[in-house]
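Laboratory data are not the source of any read-out in this text; all were calculated from the coordinates shown. Small disclaimer: the values here were computed from a predicted structure and weren't measured. FYI the Cβ positions are ideal-geometry reconstructions off the backbone, even for glycines, and counts take in every protein chain you see.
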2 protein chains.
Amino acid sequence: MKWAGWGREDVVFSHEDKPGLGPFLRKAVGIDVRRPVAPAPAFAGLDIPSSRLPAELRDALEAVLGAARVSTEARDRLLHARGKSLPDLVRHRRGDLGRIPDVVVRPTSEEEIAAVLRLVLEADAVLIPFGGGTNISGSLEAMEDEVRPIVSLDLARLDRVLEIDETSRLATVQAGVFGPALEAQLAARGWTLGHFPDSFTHSTLGGWIATRSSGMQSDKYGDVADFTRGLRAVTPGGVLAIRPVPSTSTGPSVREMMLGSEGRLGIVTQATVHVHRVPEQRVILGYLLPTWAISLDVMREIAASEATPSVTRVSDPAETVFSFATRKTPTLLDRVKSRALQALLRHRRVDPEQMCLAFIGYEGTPRHVAGERRLVEAVVKEHGGVALGRGPGELYDQKKFDTPYIRVFLLEHGALADVSETSAPWSALPALYDGAMGAARGAFARLGVHGYVMCHLSHSYHAGACLYFTFAFGAAGVEDELAAYRTVKSAVQQSFLDAGGTLSHHHAVGTEHAPWLEQDISPAGVAMVRALLAGIDPGRNLNPAKIVDAPAPAEVAGPMAPFGAPDG
Amino acid sequence: MKWAGWGREDVVFSHEDKPGLGPFLRKAVGIDVRRPVAPAPAFAGLDIPSSRLPAELRDALEAVLGAARVSTEARDRLLHARGKSLPDLVRHRRGDLGRIPDVVVRPTSEEEIAAVLRLVLEADAVLIPFGGGTNISGSLEAMEDEVRPIVSLDLARLDRVLEIDETSRLATVQAGVFGPALEAQLAARGWTLGHFPDSFTHSTLGGWIATRSSGMQSDKYGDVADFTRGLRAVTPGGVLAIRPVPSTSTGPSVREMMLGSEGRLGIVTQATVHVHRVPEQRVILGYLLPTWAISLDVMREIAASEATPSVTRVSDPAETVFSFATRKTPTLLDRVKSRALQALLRHRRVDPEQMCLAFIGYEGTPRHVAGERRLVEAVVKEHGGVALGRGPGELYDQKKFDTPYIRVFLLEHGALADVSETSAPWSALPALYDGAMGAARGAFARLGVHGYVMCHLSHSYHAGACLYFTFAFGAAGVEDELAAYRTVKSAVQQSFLDAGGTLSHHHAVGTEHAPWLEQDISPAGVAMVRALLAGIDPGRNLNPAKIVDAPAPAEVAGPMAPFGAPDG
C-alpha cells in the first residue's frame, strides 16, 4: 500500500489513455495534466517519530503474540497512522505526520485480541483497530496530544469465511477480510455478499461495520446495517456475542450500537452476514436523462414503483461531463454509436449541456430482469430519457474501483479534490443539491480558486436518496492548502445540515464530521452516544475522541456557524 | 377499556356461533365452554390503594396541565397499572393490584410532556409512559416496592397525523394515536402505514416504537424499526430530534436506541414513518400444505425467491385444527366446498392430521399480484400444497384483531392461555419448534395439567422467520395459577434461547423476558444497554427496572438454569 497515496504501489492513474481528460481538467480546475507539480516526497526523507512503546508493554504484547507480530518498524507505524482523506494525504506528503502509533500488533484470533485489550487497559494505553486504512473521516488518527502509548491493532490476519449456513443464507466471516478475498471465498461456493463500496479492494468487513458502509449495489443487498445480522466483538466488558436472528425485540439495539462505533466500544472480530446466490443474470444499463430535476423525479418514481433494481445511480450534468472526459480512446464503433446517439438526443430534444448519465442495475432470472426493465424503462421513457444499452454500464463496472486513484493524480498535478455525501428525504433533495453546489462555488469564490463541483445520486430508498458530491480546485496561489480544503468541505457539510440532510450517508463521523453531529442528531442524541461510550470505556482507551469529544480543527467554524459565513 | 380483560367493554367473545369450538376446547384443555367458572370480579369489590401523590407535585402538575388532565381517580389509576399479559389479568382479577400509579396525567403537547418530566425529576418521582396499555411483557408495571410517587403519562391526546410529505412518502405522526385513528387519517388522503399488529385496535404508534412492534403485513411494510425514520422524544437531556433521513452514518444509532426503549430513555412524542399508497389490489389467499416440515421449506423457498409477498403465515397442524374449530356455523356453500376440498386432499395425499393452513398476501397492481402468485404458487405446488382461494384469507382478515378476546374467554372458563414468540435463522427453526413444543408439553406433564400448544410462522425474512407459539391449559386442580403459568412460559422461553432464537421477536423485554436477556445478547451486550440507561437516567426515574435490572419473579428459575429443569 502507498504510504502517501491510494491503493497498490504498482497501480498508477494516467491521463494518457484518456484524451478528453487533459482539456477537461484545464477548464475545470486550471491544471496542466502534463506537468506534475507536487510529486510524492521520498519516504527516506521523512522524519518519523520513534516509538514510545514502554518496554513492559512490548514484552507483554510479545508474550501474547510473539515478536514477529509486534512491530515498531517506522514504515509500518506510518502506514497505520491515518486513513486516506485529503487532509491525511496532504499532511503525510508534507511530512506533517502527527502522533503515529507506537506499535502495530497483528493478532490472529479473538482470544489474542482479548489479551491485547486487557494489556492495553492495564497499561492505560490507547487501542485503535485498523482494517484496510481507507477511512476518509479521521477515524483512524490518534489525537496530536496523546501522551499514552498507542497500539494499532491490525485485523488483516483474521481473513477467513468461517461458515456458510446455506439454508439460512448466512455467512460467518472474520472481520479482517478484504473485499476481494471475501468475495473469492464466497464465490468458490456459489455465493456473494454483494457489498461493493468504492474502497472495496482495500477495505475490510470490520471496517465496513465500524463505519456503517454502503456499497454500489446496496439498493439490492442492503447497507451494512441491513446485512449484518450477528456479530462478535471484544469489549472491555468481555466478548460481545449478538445472535444472527432476523429480527428481535431486545430493547435498545446493541447490534446497532456496534455499527458505526469506530472502535470506541470494542473490536469487531467476526460477523454473520446475509449472502445471496450469484444471480443468473446481472446487467447494468446506461441511460441519458434530460435534466437533473427530471433525474431526481425518475429515481423517485422508480423507488415508488414495483421495480427493485440493484443499482440506481445518476450523475448531474457536471459529473456527466466528467464521465465522458475520462473515457478511454474511442474505437470506431464508439464513434458510430456516438453519432447515432447525437441524432437521438436531438430528436428527443435532450440538451447536451443539461443531460445526466444514469446507470441502473438489474439482477436475477431473465424473466425477472425483463420485468424490472419494463417497469424502469416506462418511467425513463415517460420523462424523455434515452437508453444507451450495456456499453456504459460495462465500462462503469470495470472502472468502478479506480476512482480513488484520480484524487492522488490531481494532488500531484496541483488540484485538491475530495468528497462529501449525505442522504435526505426526496422532497428535500432539489434544494439540498442547490445549496451544496452553491456552498462549494461560494467557497471557491471566497478563496479565489478555480474549482469544480459535481454530484451523483448513488442510492435510492423508500423515502429519499444519497447525494454524493465531489469537489476539486486548483491549488495554485493557495497559501494554506488544508485551510482552503476545510473552507470548501465545511461549506458543503453545513449546506447538508441546513437542507435537512445528514452529515454522512456512509463515511462515518470520525473527527472530520464530528462538528456537525449535534446539528444532525440533536444535543440530546449526542448525550446518548456520549453516555454509552463513557459507560463502556471510562478511561478513554478505545480510539478516543472519535464520533464525539474531538477537538474541532482550528480551520472549522463552530457547528452553529450560519451557512455561508466566511470560515476559511 | 376493560379493567380485567381485553379491549372494549361492549365486545364479548362467544362460543355460541362457533359449533366446533366447544368440542375442541373440551378435548384440548379439558374445559366446558357452557360453564364459566371464573367471571370477572366486580370493580366495586376491589380494594384500590389510595394515591400517594404529594400535594406539591399535584399542584405543580395541575399548574402545567390544568386539574382536568391530572387524575387520581381510582379506576383511572387501575387501568394504567399494567398491560394485558396473562399474569396481569390473573392478578387484577384476584384483586392483587400491586403498586398502581398515584396519578395519571394527560398532556397534549411536547412542551407539556417536557414540563411533566422536569417536575418528575425535581420531585424524584417515577414516570411511566402509557399508550394503549396492551403490552404483555410487564413493561408498564411499577415495581412492587416503589416508594416514590408514580406518574403514568397517558399519550392518547397526541393523536394527530401532523404532516404527510407526499413526495417522500413520509408521514409525521404524534405518538399517542391508536391504530384505527392513524389509518383513518392516512386513508383520508389515500395513504396507509400498513402496520397491523394483533393489538392494532388498542395500541399506539408510540407503544409500537417503545416495544419494537411488528404487524401482520411487516413482510411488506417493515417492522417498526424499518418504517420509523425520524422521531422526537422528551429526554432528561432535552428534546431528542432525529431527522427522517433514509440512511445515515452517524455512529451508534440513536434512532435504534429509542426503538424498544420502553420509556427508559424518555417519552417518544412523534415519529416520521414510511407511508404507502393504498394498493390497487390486496388479496390474502389460503393454502393447505402437507406437513409442518414442508411448510417451513415452502416459506423459506418463497423468501429466497424473487417473490415479495405482503403476508407469509402458516400454522402448524395443532393451530390448523384450532383455526377450523373457531369457524362460524358453515353455510351450505361452505359444506359443498369442504366436500370438494376433502376429495382434493385425498387426491394429493394430504393427511388431514398433518396438514397446515397457510395465508399468503399479495398487494399491488393486478400484473404484479399475478406475477407474485405465479412465483409463490410454483413453490407451493412443487411441495404438494393445495390452493384454497380467497375464502379463508377473507375470514382471517375479518377476525384478525379478535384473537386477544379469546384468552379472556378461556380464563373465565378455567383455562390459562398466553403466547411466546421468537425469531431464528431458517436452519434453526425445525429444532427450535421441536424444542418449544417439547418444553411446553414437558411443563404440562410436570404440572399434571391438560394442555395444548400450537404455533404459526408469522413473518419471513432473508435469513429466518418468526415462530409464534400459543399455549393453554386447564387450571382445574392447579394450586397456584401464576406459578403454573410461569412454569410453562419459562420452559418455552428457555427452549428459544437453547435453540439459537431470540427472547422475543416483537413483544419487548419488559420484566417478563428480562431473565433471558443475558443469554440472548450476552453479558457484554447487557452491559452496553445498562451503560446507556444509567448515563441518561442516573436517578432511575424513567420506568425503572424494565429491560435490565428487574428483580426476577420468584417463580422464574435463574437465567442460566438448564433447560427442562423443574422450575415451577
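Figures for the structure shown
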| item | result |
| --- | --- |
| In Å, descending, principal axis extents of the Cα set of the protein assembly as shown | 97, 65, 61 |
| Over region A:161-277: Rg over Rh, Cα atoms, Kirkwood Rh | 0.94 |
| Kirkwood Rh in Å, taken over all unlike Cα pairs in chain A | 24.6 Å |
| Leading residue at positive end of dipole, the protein assembly as shown (Cβ point charges), from A:Val509, A:Ala67, A:Ala175 | A:Ala175 |
| Label point distance in nm, A:Gln342-A:Arg94, each placed 7 Å from Cα along Cα→Cβ | 4.7 nm |
| Shielding by partners - mean other protein chain Cβ count within 10 Å, residues of B:516-523 | 5 |
| Chain A - mean residue ellipticity at 222 nm from DSSP helices (-39,500 (n - 2.57) per run, n ≥ 4, rounded to 500) | -11000 deg cm²/dmol |
| Residue order, fewest to most beta carbons within 10 Å, for A:Val273, A:Val449 | A:Val449, A:Val273 |
| Under the Karplus curve 6.51 cos²θ - 1.76 cosθ + 1.60, θ = phi - 60°, whole-Hz ³J(HN,Hα) for region A:221-236, x wherever Gly or Pro sits | 8, x, 5, 4, 5, 7, 8, 8, 8, x, 7, 10, 8, 8, 10, x |
| Of A:Lys18/A:Lys84; B:Lys2/B:Lys27; A:Lys84/A:Lys546; A:Lys2/A:Lys84, pairs whose Cα-Cα distance is over 20 Å | A:Lys18/A:Lys84; B:Lys2/B:Lys27 |
| GluC sites (Glu not before Pro) restricted to DSSP loop in region A:1-86 with at most 16 other C-beta within 10 Å | A:Glu9, A:Glu16, A:Glu73 |
| Per-residue average of Cβ from other chains inside 10 Å of B:455-463 | 4 |
| Teacher prompt: B:Ala63 distances to equivalent labels in other copies, 7 Å Cα→Cβ, nm | 6.3 |
| Angle in degrees between helix A:390-399 and the longest Cα principal axis of chain A, rounded to the nearest 10 | 20 degrees |
| Axis-nearest residue in chain A [Cβ, rotation onto B], distance in whole Å | A:Glu256, 2 |
| Rounded tilt (10° steps) of B:55-65 against the dominant C-alpha axis of chain B | 70 degrees |
| Peptide A:502-511 - average C-beta neighbours from other chains (10 Å radius) | 4 |
| Straight-distance crosslink candidates among aspartates and glutamates, where the alpha carbon sits under 16 Å from A:Lys489 and sequence neighbours closer than 8 are dropped | A:Asp88, A:Asp418, A:Glu421, A:Asp434, A:Asp480, A:Glu481, A:Asp498, A:Glu512, A:Glu555, A:Asp567 |
| Inter-copy separations for A:Arg374, label at 7 Å along Cα-Cβ, nm, ascending | 0.7 |
| Copies compared at A:Pro36 - label distances in nm, ascending, label defined 7 Å from Cα in the Cβ direction | 9.0 |
| Given charges at beta-carbon only (K, R positive; D, E negative), |dipole| of region B:281-400 in Debye | 520 debye |
| Order of A:His513, B:His347 - criterion: other Cβ atoms within 10 Å of each residue's Cβ, fewest first | B:His347, A:His513 |
| Length-normalised contact order for chain B - Cα pairs under 8 Å, 6+ apart - percent | 16 percent |
| Surrounding net charge for A:Ala307, when Lys and Arg each add one and Asp and Glu each subtract one, Cβ distance under 13 Å | -2 |
| Local electrostatic count at B:Trp426 - Lys and Arg +1, Asp and Glu -1, tallied over other residues with Cβ under 13 Å | -1 |
| Region B:404-501 - Debye-derived log10 I(q)/I(0), Cα point model, q = 0.23, 0.25 Å⁻¹ | -1.11, -1.24 |
| Formal net charge of residues neighbouring A:Gly414 (Cβ-Cβ distance under 11 Å; K, R +1; D, E -1) | -2 |
| Cα-based helix-to-principal-axis angle, A:481-498 vs chain A, degrees rounded to 10 | 70 degrees |
| Exposure proxy order (Cβ contacts within 10 Å, fewest to most) of B:Leu86, B:Leu119, A:Leu344, A:Leu205 | A:Leu344, B:Leu119, B:Leu86, A:Leu205 |
